[in-house]
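These notes concern the structure reproduced below.
Every number in this text was worked out from the coordinates using simple rules, so none of it is lab data. Not measured: the values here are computed from a predicted model. Note that each Cβ is placed from the backbone with ideal geometry, even for glycine, and that neighbours are counted across all protein chains shown.
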Amino acid sequence: MQARIATLAVMAALALMVQILRPLEAAEPAPAFKAGFAERDITPEIGAEQPGGYGKSFHKSLHDPCKVRAAVFDDGTQQVALVSVDALIVPRVMVLGARRQIAERCGIPGDHVLIGATHSHSSGPTGMVLPGEYDHASPLVQKLAYEKSSGADAAYLKRVEQAVADAVVEASSNCQAAQCGVGKGIENTVAFNRRFRMKNGLSHTHPGQGNPDIIEPAGPTDPEVGVIGAWDAEGKLLGCVVNFSCHATTSPGGISANYIYYLEKAVRGYFGNDVVVVFLNGTCGDVTQVDNLAATRRPTGEQSAQFVGGRVGAEAVKVLLGMDRGTLTPVGATTKLLTIPRRVPKPERVKACLELVQKDPKEVGATEWTFAKEIVLLDAILAKHPTAEVEVQALQVGPAVFLSDPAEYFCQFGLNMKARSKFPFTFPVELANGCVGYVPTEEALGPHGGGYETRLTSYSNLIPSAGQQIEDAAVELAGQMTPGEVPTAPPAPPFSGTGWSYGNVPPEVD
């Protein structure tokens, strides 16, 4: 019996020693962080409609190509996609169609895909009136919508939708182990708030250089240039995402990605011509390149495009060169759909506008006729869609969060989001995942507000509280996420006890 007990004790001791001496089993390796990029050409044909106004205009020349650019980030568990489209707007129906394709073809969920318009005013026909949008209305309204207003082309919308899906699928298939970094810089010489408080107690948009009634700007700008970069194993930059707040209204002449072309040119000039530059416009509903307070003559469109794009691109290069690299985990996204009522014009105003649009614009004045037409079109929209669907999205890439809205959103809202966010890098993205027109602050729609962005039109018509609702939803979504670690360089080695022997001597004067 004692021998048996002794044997069992020896066996237990041996088992314990085996456990102690056994090499620690290798922990499951962490999934490799991956990134992939791709782009597609969506340059419209000469003769295509040029969006950006309330009437029809057509392209007569080509300056540079328009593109879809996509970045996909993969933390081993989830993938997210950031897509920029050189377009005035991305209609909601097109976004949903592209997301469906992406989910079916490469498995990235639709709500993990952010699709933002660069807001190029020199791009292809993705807006403003959509095909079939007014088929329910009277023949007069249909004529005003389809013949007298800027309109999207159905075939071009399908082409862009396909290009978005193709670019994301390719970027996903291109994903490879990557070292990534995130940073931000400042470019404060190219963008200006275009609204001004005037001596009459109201705010005017573009009141004109030298106007003696200007008191001060009616809103801020955001000079931050946000950047994410991804490098392959050999240290080659695969692509980057750049976020900056300024209308793309430089219009260098002809079909163009606008200043984004020169931004890309600046980045590629340093890092190589195959680098994909995904540009996501920040909150710039009231911010453009036009300096109304300048004492000198305005530059040409070409000069402005080079100046804005070149300087923002150069700042992005500086940020890329200075950022530490590592992994940007986790990635993920969440969205929230808001239903926001539209503003409703008074019946007597609609009646007066109906009478006015049946006259010659030369008789009543082009501006009066144009915005009377817009009230008539809005009245037709309200009959079918008294509310608007507004998607707010938070998309995370490690310590960075992109907070999107589908509006030409006033700059102050973006600054508020950054101040309220717990993320060290918060990048607002406007005109993403749809379009609901201008969304000003409540102050801008108040008794001392005013200006172009507050006009009631078929394009811009959400109630005054819409902007705050969007901001609160974005901050709420970001609050549900936990920021990842910011990559940092390894610490310096301990002091060796001696410095540089060439330099540790007293002055030698003889």
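Rank the residues Arg92, Arg100 as a footprinting-exposure proxy: fewest other Cβ atoms within 10 Å of their Cβ go first. Could you put the intermediate results ahead of the total?
On the way: Arg92 18, Arg100 13.
Arranged by neighbour count, lowest to highest, Arg92, Arg100 become Arg100, Arg92.
How much of the DSSP bridge set in the chain is antiparallel, in percent, rounded to the nearest 5?
The antiparallel proportion sits near 75 percent.
Just order 202-211, 413-422 by mean Cβ neighbour count inside 10 Å, highest at the front, would you? Before the final figure, lay out the partial values.
Values: 202-211: 15.9, 413-422: 19.5.
Sorting 202-211, 413-422 by mean packing, highest first, produces 413-422, 202-211.
What's the extension gain from Glu104 to Glu45 if we count 0.36 nm per residue and subtract their Cα-Cα distance? Can you show the working numbers first?
Values: separation 59, 0.36 × 59 = 21.24 nm, distance 2.99 nm.
Contour length minus Cα-Cα distance gives 18.2 nm.
State the label only: which of (1) 90, 54, 48; (2) 69, 52, 40; (3) 114, 86, 44 corresponds to Cα extents along the principal axes in Å computed from the shown model?
For Cα extents along the principal axes in Å, the calculated option is (3).
State to the nearest 20 debye the size of the charge dipole of the chain about its Cα centre, where the only charges are +1 on K and R beta carbons and -1 on D and E beta carbons. If you can, show how the numbers build up before the last one.
Values: 43 positive and 54 negative charges, 124 e Å.
Roughly 600 debye, rounded to the nearest 20.
If each of Leu202 and Tyr452 carries a label point 7 Å out from its Cα toward its Cβ, how far apart are those two points in nm?
In this crude label model, Leu202 to Tyr452 measures out at 1.6 nm.
Which lysines does Lys265 reach when only Cα atoms under 24 Å apart count, and residues fewer than 8 places away in its own chain are ignored?
Filter leaves Lys60, Lys67, Lys184, Lys236, Lys318.
With axes computed from alpha carbons, what is the tilt in degrees of helix 2-21 against the longest principal axis of the chain, rounded to the nearest 10 within 0 to 90?
Between helix and principal axis, roughly 50 degrees.
For the chain, find the longest principal axis of its Cα atoms and tell me its angle to the long axis of helix 154-173, 0 to 90°, nearest 10.
Helix 154-173 and the main axis of the chain meet at about 10 degrees.
Quickly work out the Glu348-to-Leu293 label distance, labels modelled 7 Å from Cα along the C-beta direction, and quote it in nm with one decimal.
4.1 nm
Enter the angle in degrees (range 0 to 90, nearest 10) between the Cα long axis of helix 92-106 and the first principal axis of the Cα atoms of the chain, meaning the one along which they spread out most.
30 degrees
Mind scanning Lys34/Lys422; Lys56/Lys418; Lys143/Lys362 and naming the pairs with a C-alpha gap bigger than 30 Å?
On the way: Lys34/Lys422 25 Å; Lys56/Lys418 38 Å; Lys143/Lys362 18 Å.
From Lys34/Lys422; Lys56/Lys418; Lys143/Lys362, over 30 Å: Lys56/Lys418.
Please report Lys67, Lys359 as a ranked list, fewest other C-beta atoms within 10 angstrom at the top and most at the bottom.
Working: Lys67 26, Lys359 12.
Going from sparsest to densest Cβ surroundings: Lys359, Lys67.
Quick check: the distance between the Cα centres of the stretch 42-113 and the stretch 318-334, to the nearest angstrom?
23 Å
Mind checking which lysines have their Cα closer than 19 Å to the Cα of Lys346? Skip sequence neighbours fewer than 8 apart in that chain.
Within the straight-line limit of under 19 Å, Lys346 reaches these lysines: Lys373, Lys384.
FRET efficiency for Thr77 and Ser496, Cβ-Cβ distance as r, R0 = 51 Å, nearest 0.05? Working shown, then result.
Working: r = 42 Å, r/R0 = 0.83.
Efficiency at R0 = 51 Å is approximately 0.75.
Please list, or write none, the aspartates and glutamates whose alpha carbon is within less than 16 Å of the alpha carbon of Lys199, excluding same-chain residues fewer than 8 places away.
Counting by Cα, and skipping residues close in sequence, Lys199 has these aspartates and glutamates nearby: Asp213, Glu216.
Quick check on the stretch 389-510: what are the equivalent-ellipsoid semi-axes from the Cα gyration tensor, as sqrt(5λ), descending, whole Å? Mind showing how you got there, number by number?
Numbers: eigenvalues 492, 76, 24 Å².
They are 50, 19, 11 Å, listed from largest to smallest.
Hey, rough spin-label estimate for Gln303 and Ala489, points 7 angstrom out along Cα→Cβ, what's it come to in nanometres?
Once both label points are built, they end up 4.0 nm from each other.
So how do 360-368, 54-62 stack up, highest first, on mean other-Cβ count within 10 Å?
On the way: 360-368: 11.4, 54-62: 13.8.
For the peptides 360-368, 54-62, the packing ranking is 54-62, 360-368.
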